[in-house]
Amino acid sequence: LGGYDVSTIQLMPEEQQTLTDASITATNGQTIMKFTKLMSEPGEIEILFGDNEFLWAHGSDATLAYHGNNRAAFILDLAAVGVAIGEEGATNPTDPPVEVEDNRGNVPNAIQGLGGGQDCTVKFCENELTTGFLQKYRINVPDGQDPETCDGCTIDMELIYDGEAWVSIGFSLNGRMIGSEAVIGIPGSTTLKYNLNGYTDNLVQPMPQEQQTLTDASTVFQNGQTIMKFTKLMKEPGEVEILFGDNDFLWAHGSAPALTYHASRSAFVLNLSSGAAQEVTAPNKGLWLAHGVILFLAWGVFVPFAVQASLLRKLLPEGGIWFQIHRGLNT
């Protein structure tokens, strides 16, 4: 499986076609595929007696084409199904396989999201941005398109904030505000696309009218919550592209409906295909804080006192103590 396009899904070489008793038939309105496969084969993914990560998919007819929304990933513990029939402790052959919850810490986030059964093209996936601030989204793939190229794909997005304030979701190339783009909703007013050119209000400006391509856009305050909804094209000329995989997003909200400096904000990486999200931490945040504290102490406390020691030397005891204070505070 080399990609999403059918042309990248290629048969293995003849020497690797080792299946036995393989068949696929259409019987009584059902398609039935059967085969026997070696669980361990050189150069191939090994099927384990314990947990395995599997993928399933089916088409809409007998021609091999894009599966659309008919696919998912899952984790199955083959050992949990039971021992062979006839042995002590065997399970009934009509019993369904045991569903295995994926709670292993070493499974990548994207796999965990898929293993949880999330299909963000079929139903809305949810991502808690912070306490009291929820993001919901769904990807719309037009018929005949695949997620890898996906011309005309759109994303339905909904942000729900506990309180009345402006809310925002941003699209970034590097997880930083400046140079990024955002959709900002003001309750009872506008829901527009903005360019984020700086940190001050006057540098956060709506995009030109020809770029205001959102559909079904609204921001309302009801039942104690601010709710912003919109549908956006994932790929638009001259704008940050929203990918089917990992994306750098920004969220923010104010403390009131008026668009002013945010009350809270953060950056995060979200895989839209799986729902796996990870908050992005500012690099060396502790060092930046320490730098600011030391800078304040140096120029806001020590240097002014050093200057005062020189100016008020006549008020200090004789013997050059003023110079010792002056030098000590400057070094």
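The values are calculated or read from the model by the stated rules, or taken from the named source; none is laboratory data. None of these values were measured; they are calculated from a predicted model. Here the Cβ positions follow ideal geometry from the backbone for every residue, glycine too, while neighbour counts run over all protein chains shown. For the accessible areas, the whole protein counts, side chains as well, though only heavy atoms, and no ligand, DNA or RNA atoms are used. Shrake-Rupley method; radii C 1.70, N 1.55, O 1.52, S 1.80 Å.
Accessible area of Phe35, 1.4 Å probe, to the nearest 10 Å²?
Surface accessible to solvent at Phe35 totals approximately 100 Å².
Could you tell me the accessible area of Leu311 in Å² (1.4 Å probe, neighbours in place), rounded to the nearest ten?
Counting only protein heavy atoms, Leu311 exposes about 130 Å² to solvent.
Rank these residues by their accessible area, most exposed first, probe 1.4 Å: Ile227, Ile169.
These residues rank, largest area first, as Ile227, Ile169.
Probe radius 1.4 Å, ligands and nucleic acids left out: which of Ser264, Ser172, Ser255 has the largest accessible area, and how do the rest follow?
The residues order as Ser255, Ser264, Ser172, largest area first.
Given the options Gly152, Leu203, Gly170, identify the residue whose Cα lies farthest towards the positive end of the charge dipole of region 143-204 (+1 on Cβ of Lys, Arg; -1 on Cβ of Asp, Glu).
Leu203
Among Leu48, Thr31, Leu19, pick out the residue whose Cα is farthest towards the positive end of the charge dipole of region 19-61, where Lys and Arg carry +1 and Asp and Glu carry -1 on C-beta, about the Cα centre.
Thr31
Mind ranking Leu214, Leu297 by accessible surface for me, highest first, 1.4 Å probe?
Descending accessible area places them as Leu297, Leu214.
Please state the shape class of region 212-255: rounded when a/c is under 1.5, otherwise prolate if a/b exceeds b/c and oblate if not, all from the C-alpha gyration tensor.
prolate
Quick one: how many Å² of Glu53 are accessible to a 1.4 Å probe, rounded to 10?
Estimated to the nearest 10 Å², Glu53 gives 100 Å².
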